């Protein structure tokens, strides 16, 4: 085999010079992280063939234990350097490079430009901020800021030999070094050098350790001394949860409770670290949970209180509990504090349902006198962080951030501030981890990455470490004959990492409109049914989701934050004539009527979603239903609406008249239903389908009976789906969320 270090690969207008570690485009150098360069070489060497992830790990991170996210981020860096289309993701396996590649030898090309030497030095300097990696003993191999090659270079005292005579190039090298010095001083504080790595902390003193590798985590709590953590995982999205005890030093985990049909989630350790509080409830019956406690090292669980919210939290002195109680009848949301056994419940604070407490965010201060929470501010559309004195109900608004999402809060031990898992207004659709100052309300990112963080957050007693959930999302679109769903084939290959996750529909002429992630944006694209001729419809910089194509072939209507609020927009299918159609916020899940003249959508009014409609040309919006109606969808004949509702505390699939707005039929749904953006009518109107929380798609016949699963689909969590206009093809999105727990330490 030829020496790969002397190889040169050319494709399109790119040239990859392996020995010189250069990536050129039209003979101009492109900056690319060192690990990304190594990955690119490995993929190009195997052009046209699948390269398994394990092979890439062994090739690029030999003898090091790294986060799965490292590979994803370096692949993203390659895509940014080359553009989309060259690297395809094969979900669950690896990646494939596809291009017409010409293989040459280094001796065929002579380099004479000092800018190439300059580029090599710049790339090697950038490597010092590569993603966090650990060796086999758990040591952080990147803490010194040196790469392994740089460390060997320092130890040997030798410089790498350049492919030229030092005498002949002495002047050139001097010029390049002087240029580099000035250039580095100029750009060292720019984002490219400070923020590239997904697990690089914003605070350079932070340490990050991945604690689990099961990929299906949900909630975790950290022991007061930071040495143990308890977490729950599921075998799959649709199964019950098992409960595990882990050690943060990486030793083997111990199963505390086996998988069960019921939902089981840890809540907190006792102050002495010897007991674990956790909640159990039936699937999706989150308002009727039971709080238990059990010895951490194993023993018989003890029932503490029954009939509370699944989001019930124990005070630090273990004498009280706090939870949220909402009333749709009274349109109120109450923060309830009770004794540990549930006696003497009292509503400390009552708010309008439109400004309801976010139950997942409740957090006790270390002295047990204050509870922090997130809720909408009456004067804004977003969420703020508040605190209340549980003794007298006095409320303090901490932030004025107007954030679209706050998922979890935890206090510092000295009550100087909080840690939050939340999403800000920077157009990023993923939660990040933040530090919030109690007095000023200022928020600062603790991590500087592009990953998603789940609603799990728990601090040690001294606030020196916390555990949280880190997730990686990826998806692609598949298509199958309606009569043989098992015969599905993949038509997109993950050039963006997420395609169709946030919505998809068919156009009248048989194309597919779908969402594509581009960095922090979600954009709309179209392609043909073969997955070819992909074209971008909407611009980057916003979150454009849940597209619906009009039957006349003219427009796409979609949900977007382009105005700063969640509104309904339309755009012609060629990307022109972009227009905002609603203006009062909290509008979502649009769908057009068969005549293409009207858009029906869900609008959150005073904390309850109702069905509304507006003309395709805009104008006055009007309410259709007087009862709750979420994720609304119009029937093929334009006479009915299908939507989600609740009756007697139970979820229902409701059919309402579009003319009168009154319900005409309702169906029971399985405990694991998931209506979110997923209610669909069959093309002939004979049945309605919606997603399961973890396993395929449900079908409800209009003639009655119980729901049944669509046969032939993968037994996994699916996302967007829709039948083609002629009903002969079925497109759907397969995706996965790899969710594992990480420990962040030395950050306070």
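The values are calculated or read from the model by the stated rules, or taken from the named source; none is laboratory data. Every value quoted in this text rests on a predicted model; they were computed, and no experiment measured them. So basically every Cβ, Gly included, is an ideal-geometry build from the backbone, and we count neighbours across all protein chains shown.
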So for region 465-473 (the condition being under 30 Å from residue 88 (Cβ atoms) and in contact with a helix residue (DSSP H, G or I) (Cβ under 9 Å, 6 or more places away or on another chain)), does at least one residue qualify?
yes
If we scan region 300-309, do we find a residue that is surrounded by 16 or more Cβ atoms within 10 Å (Cβ to Cβ), under 26 Å from the mean Cα position of the chain (by Cα), part of a loop (DSSP other than H, G, I, E, B) and in contact (Cβ under 8 Å) with a residue 24 or more places away in the chain?
yes
Could you check, for region 533-547, whether at least one of its residues is within 20 Å of residue 680 (Cβ to Cβ), in contact (Cβ under 8 Å) with a residue 40 or more places away in the chain and out of contact with any strand residue (DSSP E or B) (no Cβ under 6 Å at 6 or more places or on another chain)?
no
All positions within region 673-688 that are over 17 Å from residue 718 (Cβ atoms) and assigned to a loop (DSSP other than H, G, I, E, B):
683, 684, 685, 686
Does region 356-363 include one or more residues that are at positive phi and touching a strand residue (DSSP E or B) at 6+ places or on another chain (Cβ under 7 Å)?
no
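Test of understanding: among 375, 359, which residue is part of a strand (DSSP E or B) and over 22 Å from residue 444 (Cα atoms)?
359
Is region 390-409 home to any residue that is in a loop (DSSP other than H, G, I, E, B) and touching a helix residue (DSSP H, G or I) at 6+ places or on another chain (Cβ under 6 Å)?
no
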So, in region 713-748, exactly how many residues are assigned to a loop (DSSP other than H, G, I, E, B) and closer than 27 Å to residue 637 by Cβ?
6
If we take region 413-508, then strands (runs of 3 or more DSSP E) inside it with 1 or more residues that are touching a strand residue (DSSP E or B) at 6+ places or on another chain (Cβ under 6 Å), without any contact (Cβ under 8 Å) to a residue 24 or more places away in the chain and surrounded by fewer than 19 Cβ atoms within 10 Å (Cβ to Cβ) are 432-437
How many residues of region 652-672 are in a strand (DSSP E or B) and out of contact with any strand residue (DSSP E or B) (no Cβ under 6 Å at 6 or more places or on another chain)? The answer is 1
Only one of 641, 710 is surrounded by fewer than 22 Cβ atoms within 10 Å (Cβ to Cβ) and either modelled with pLDDT of 95 or more or assigned by TED's automatic domain parsing to the domain that holds residue 461 (or both), namely 710
Taking region 662-692 as the search range and keeping residues that are within 21 Å of the chain's Cα centre (by Cα) and free of Cβ contacts under 8 Å to residues at least 60 places away in the same chain, which one is surrounded by the fewest Cβ atoms within 10 Å (Cβ to Cβ)?
676
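Conditions tested, residue by residue: (1) surrounded by fewer than 17 Cβ atoms within 10 Å (Cβ to Cβ); (2) assigned to a loop (DSSP other than H, G, I, E, B); (3) touching a strand residue (DSSP E or B) at 6+ places or on another chain (Cβ under 7 Å); (4) not assigned by TED's automatic domain parsing to the domain that holds residue 439.
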site	(1), (2), (3), (4)
278	no, no, yes, no
290	no, no, yes, no
318	no, yes, no, no
324	no, no, yes, no
329	yes, yes, no, no
338	no, no, yes, no
367	yes, yes, no, no
